[in-house]
Amino acid sequence: MSDIKHQRLQTNGIWMHIAEKGQGPLVLLIHGFPELWSSWIYQINYLAEHGYHVVAPDMRGYGDSDCPLDPASYTAFHLVGDLIGLLDQLGEETAFVVGHDWGATIAWFLCLFRPDRVKALVNLGVPYQPRSIEFKPTEFLFKIFGEGFYVSQFQELGRAEKSFSTYDCLTVLKKFLFVNSPELLAAPPGVEIIDFLETPSCLPPWITEEELQLCANKFQKSGFTGALNYYRAMDLNWELLGPWQRAKITVPTKFIVGDKDVGFRSFGTKDYVEGEQFKTLVPNLKVVIVDGHHYIQQEKAEQVTNEILSFFNDKSLA
């Protein structure tokens with residue numbers, strides 16, 4: 001990690017921390033929940049060694065980037081605006097983009113709003129979903145999965161922060177990062193999701209206690225409100241995205257998902273990803289299903305990074 005450069009740039013009204021390495025075409029790596037730029041360590045090093053300028057920001061609300069407290073400051077427009085401003089600060093008209101989890105959602109928005117700034121996209125874990133005509137996201141999720149569902153519990157300001165605070169940040173990260181259950185993240189009635197999730201007795205081979213502690217130290221400093229505000233802006237995003245109803249993603253895209261990802265096995269996602277509707281909404285799409293769980297950029301780092309590199313090296317994208 002010592003040869004990775006760090007700086008903070010002003011973009012879209014906030015200061016954003018970025019980690020960067022290498023020279024060449026720009027690759028922008030967008031992390032998810034509850035992660036930081038460091039979730040991309042393997043990709044940063046490998047892509048930089050293969051001729052790319054790799055930039056991984058701490059997204060708004062995370063790590064060493066600014067963390068506004070108001071959920072209304074975390075709309076799709078704010079998050080995409082941060083990235084467009086970052087490209088401008090870096091002097092780049094376009095970038096290759098990789099997103100994971102919430103980062104994948106933001107990358108879909110980026111391609112939806114500004115396809116002119118994205119050469120190609122690789123998204124991990126979260127497919128592009130059509131906007132519901134009838135239901136706001138939290139209304140639908142509450143109706144289907146109830147009050148114990150993690151997204152539902154995250155909506156109330158301060159609730160998750162209070163329940164998280166009964167644990168140290170390292171334990172909170174372990175509970176979310178290493179979920180290995182076939183069930184949805186939904187707690188029984190009257191139980192907080194953080195209390196419901198188990199703390200693993202040992203770490204998987206793809207991360208060390210020291211690496212995780214570095215992340216925990218950052219969350220100890222920033223808190224979790226910024227990260228939770230992404231969920232609290234979901235309904236506001238639904239309201240704002242009306243003009244893009246039935247819009248398609250035209251950017252060349254590779255979608256990679258782990259076959260054991262709880263999100264892939266829930267919500268009808270597997271049938272959707274393997275069916276025709278996803279390809280209708282993202283016409284220039286390749287789907288890759290790997291043996292793995294949700295955090296596949298770390299769990300299957302070599303395989304996933306080779307998939308990214310082969311796609312971005314494709315001469316037909318030039």
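At a glance:
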{"item": "Charge dipole (debye, nearest 20) of the stretch 248-318; +1 at Cβ of Lys and Arg, -1 at Cβ of Asp and Glu", "result": "240 debye"}
{"item": "Ranked packing of 261-270, 39-48, most packed first, by mean Cβ within 10 Å", "result": "39-48, 261-270"}
{"item": "Surface per residue (accessible, 1.4 Å probe) for the stretch 51-172, Å²", "result": "37 Å²"}
{"item": "Label-point separation, residue 214 to residue 90 (7 Å along Cα→Cβ), nm", "result": "2.0 nm"}
{"item": "Prolate/oblate/rounded label for the stretch 201-302 (Cα gyration tensor, a/c 1.5)", "result": "oblate"}
{"item": "Beta bridges by DSSP in the chain, antiparallel share as percent, to the nearest 5", "result": "35 percent"}
{"item": "From the coordinates shown, Rg and Dmax of the Cα atoms in Å corresponds to which of (i) 18.4, 55; (ii) 21.1, 70; (iii) 21.3, 75", "result": "(i)"}
{"item": "Percent carbon-and-sulfur accessible area, the chain, ignoring ligands, DNA and RNA, probe 1.4 Å", "result": "53 percent"}
{"item": "Three-way shape label, the stretch 39-181, alpha-carbon gyration tensor, a/c 1.5", "result": "prolate"}
{"item": "Debye, to nearest 20: dipole size of the chain, +1 on Lys, Arg Cβ, -1 on Asp, Glu Cβ", "result": "640 debye"}
{"item": "The chain, helix-only ellipticity at 222 nm - DSSP H runs n ≥ 4, -39,500 (n - 2.57), divided by all residues, nearest 500", "result": "-10500 deg cm²/dmol"}
{"item": "Charge dipole (debye, nearest 20) of the stretch 1-83; +1 at Cβ of Lys and Arg, -1 at Cβ of Asp and Glu", "result": "120 debye"}
{"item": "Integer Hz, Karplus 6.51/-1.76/1.60 couplings in order for the stretch 268-281, x for Gly and Pro", "result": "x, 5, 4, 5, 5, 5, 8, x, 8, 5, 4, 5, 5, 7"}
{"item": "Length-normalised contact order for the stretch 48-122 - Cα pairs under 8 Å, 6+ apart - percent", "result": "23 percent"}
{"item": "Exposure ranking of 167, 128 by accessible area [1.4 Å probe, largest first]", "result": "167, 128"}
{"item": "Of 162/218; 175/260; 218/270; 162/260; 270/300, pairs whose Cα-Cα distance is over 28 Å", "result": "218/270; 162/260"}
{"item": "Mean Cβ count within 10 Å, highest first, over the residues of peptides 55-65, 81-91", "result": "55-65, 81-91"}
{"item": "Peptides 116-126, 97-107, 130-140 ordered by average Cβ neighbours within 10 Å, highest first", "result": "97-107, 116-126, 130-140"}
{"item": "Extreme residue, positive dipole direction of the chain, given options 236, 111, 157 (C-beta unit charges)", "result": "111"}
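The values are calculated or read from the model by the stated rules, or taken from the named source; none is laboratory data. This is a predicted model, so every value here is computed, not measured. Virtual Cβ from ideal backbone geometry, glycine too; neighbours counted across all protein chains shown. When the accessible area is computed, the model is the full protein with side chains, heavy atoms only, and any ligands, DNA or RNA have been set aside. Shrake-Rupley method; radii C 1.70, N 1.55, O 1.52, S 1.80 Å.
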